[in-house]
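Since the structure comes first, as structure tokens, the remarks are kept for the end.
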Amino acid sequence: MSRVLVTGGSGFLGSHVTALLVAHPDIELVVSGDLRDSSIAGVLSARFDVTDADSLAPVLIEHRIDTVVHLAAIVNPGRDVDLEYRVDVEGTRHVLDACLATGVRRLVVSSSGAAYGYHADSPEWLDESDPVRGNDEFPYSRHKRLVEEMLAEARAEHPELEQVVFRIGTILGPTVRNQITALWDGRRLLRIAGSASPFVFVWVDDVAAAMVRAATDGPSGIFNVAGVGRMTVPEIAQRLGKPTLTVPAWALAAALRAGRMLRLTEHGPEKVRFLRHRPVLDSTRLIEEFGYTPRFSTREAFEEYLRTHPDVPRR
């Protein structure tokens with residue numbers, strides 16, 4: 001019987017994870033560690049801030065926690081880089097240190113496909129053996145790389161703390177609205193000339209189910225988490241019944257540069273790389289080694305998104 005604490009347990013992903021954990025027969029206790037109380041029946045709330053280095057260890061000791069699922073993160077990155085660094089990087093360091101100090105057996109961490117970075121020379125499909133390179137121009141990607149480097153160092157120095165690291169694709173869910181989904185709201189979908197810009201999607205319930213397996217009887221290791229397959233911008237446009245607006249990369253970069261100088265947009269020319277060279281995650285190891293097959297493929301997750309978001313403009 002495991003006793004599990006979930007950082008960020010009252011957030012979007014955390015609430016899905018805690019709801020599944022509390023219903024699992026092998027879980028004795030579920031604690032939601034967050035700045036807000038959990039709304040999930042049967043989940044115990046413990047208020048703490050991962051940016052406070054001394055706040056977590058006492059909670060782990062009090063509740064005799066043996067497994068930590070670390071999900072605390074900034075929901076919409078890109079607005080306050082200093083805060084994002086404190087939460088994502090320093091916060092993970094605090095969680096890791098607290099786990100080591102209190103004898104936690106297993107640490108499950110939500111990383112991201114962004115840790116691989118947005119690079120022109122990335123392979124068509126990224127697997128877990130490919131290096132995490134991040135991008136310094138994208139703070140979120142850089143932070144995920146730094147976190148993974150920190151975790152790798154801890155695995156070498158402290159093998160007694162088992163780790164499960166999930167590099168997650170673009171999460172879709174019934175309440176998701178973000179900078180990715182906003183790309184689909186216009187009358188035409190932006191396409192960069194010469195780039196298919198494929199996406200890998202994963203439904204939130206699939207991510208939560210993988211997290212629960214990681215917190216119970218799943219193997220340790222690093223795993224991509226994404227629905228099988230991918231969808232390109234032209235395929236998404238076709239499904240929505242919309243045309244694409246094809247723009248050369250240099251023209252889009254110039255327009256974004258001018259727009260930011262005129263304070264018309266917060267995005268700069270570096271955004272072209274984000275749109276052009278998306279990390280495409282191979283989920284083979286998740287299925288064959290970790291033992292979890294997502295219920296929805298990438299295409300099915302997109303269909304479920306459309307079903308649960310009838311207001312998405314389409315023709």
Identify the residues of the range 198-238 with backbone N under 14 Å of a label point that sits 7 angstrom from the Cα of L306 along the Cα-to-Cβ direction, or state none. 231-238
Could you sort 140-146, 59-65 so that the peptide with the highest average Cβ count within 10 Å comes first and the rest follow in order? 140-146, 59-65
Could you size up the charge dipole of the range 125-190 around its Cα centre, putting +1 on the beta carbon of Lys and Arg and -1 on that of Asp and Glu, and report it in debye to the nearest 20? 640
Would you please give the FRET efficiency between V247 and F12, computed as 1/(1 + (r/R0)^6) with r the Cβ-Cβ distance and R0 = 41 Å, to the nearest 0.05? 0.80
If each residue of separation counts as 0.36 nm, what is the full-extension length gain between R188 and S39 once their alpha-carbon separation is subtracted? 49.7 nm
Mind listing the phi-derived Karplus ³J(HN,Hα) values for the range 104-117, rounded to whole Hz, using 6.51, -1.76 and 1.60 with θ = phi - 60°, and x for any glycine or proline? 4, 7, 9, 10, 10, 10, 8, 8, 8, x, 4, 4, 5, x
Interchain or sequence-distant (5+) residues whose placed amide H lies within less than 5 Å of the amide H of I222 are V165
Can you bin the range 50-162 into rounded, prolate or oblate? Criterion: square roots of the alpha carbon gyration tensor eigenvalues sorted a ≥ b ≥ c, rounded for a/c under 1.5, prolate for a/b above b/c, oblate for the rest. oblate
Mind checking the dipole of the chain: about its Cα centre, +1 per Lys or Arg Cβ, -1 per Asp or Glu Cβ, Debye to the nearest 20? 1700
For the chain, find the longest principal axis of its Cα atoms and tell me its angle to the long axis of helix 204-215, 0 to 90°, nearest 10. 30
Which far-off residues, 5 or more places away or on another chain, put their amide H under 5 Å from the one on I168, with H placed in the peptide plane? S111, S112, G113, V225
Among beta bridges assigned by DSSP with both residues in the chain, the antiparallel ones amount in percent, to the nearest 5, to 5
Can you list the HN-Hα couplings for the range 36-46, worked out from phi with the Karplus curve (6.51, -1.76, 1.60; θ = phi - 60°), rounded to whole Hz and with x for Gly and Pro? 10, 6, 6, 9, 8, 4, x, 9, 7, 9, 9
What does the charge dipole of the range 1-107 about its Cα centre add up to, to the nearest 20 debye, if the Cβ of each Lys and Arg holds +1 and the Cβ of each Asp and Glu holds -1? 280
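Find, among the GluC sites (Glu not before Pro) in the range 142-179, those assigned to loop by DSSP (not H, G, I, E, B) with at most 10 other beta-carbon atoms within 10 angstrom. The partial results should precede the final answer.
On the way: sites: E148, E149, E153, E157, E160, E162; in loops: E160.
Passing sites in the range 142-179 are E160.
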Along Cα→Cβ, 7 Å out, is where each label goes; now give me the distance between the ones at R105 and N178 in nm to one decimal. 3.1
Per DSSP, the loop-located chymotrypsin sites (Phe, Trp or Tyr not before Pro) within the range 10-102 having at most 13 other beta carbons within 10 Å are none
The simple spin-label model distance between Q238 and I61, using points 7 Å out along Cα→Cβ, in nm, is 6.1
With each pseudo-label sitting 7 Å past Cα toward Cβ, what's the A258-D136 distance in nm, one decimal? 2.9
Take M150, M231 and order them by how many other Cβ atoms sit within 10 Å, fewest up front. M150, M231
Which one of P294, P279, P269 is farthest out on the positive end of the charge dipole of the range 244-309, using unit charges on Cβ (Lys, Arg +1; Asp, Glu -1) and the Cα centre as origin? P269
Per-residue HN-Hα couplings for the range 187-195 [Karplus 6.51, -1.76, 1.60; θ = phi - 60°; Hz; x = Gly/Pro]: 5, 10, 9, 5, 10, 8, 3, x, 10
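Where a number appears in this text, it was derived from the coordinates with a stated rule and is not lab data. All of these numbers come straight from a predicted model, not from anything done at the bench. Neighbour counts run over all protein chains shown; Cβ positions are idealised from the backbone, glycine included.
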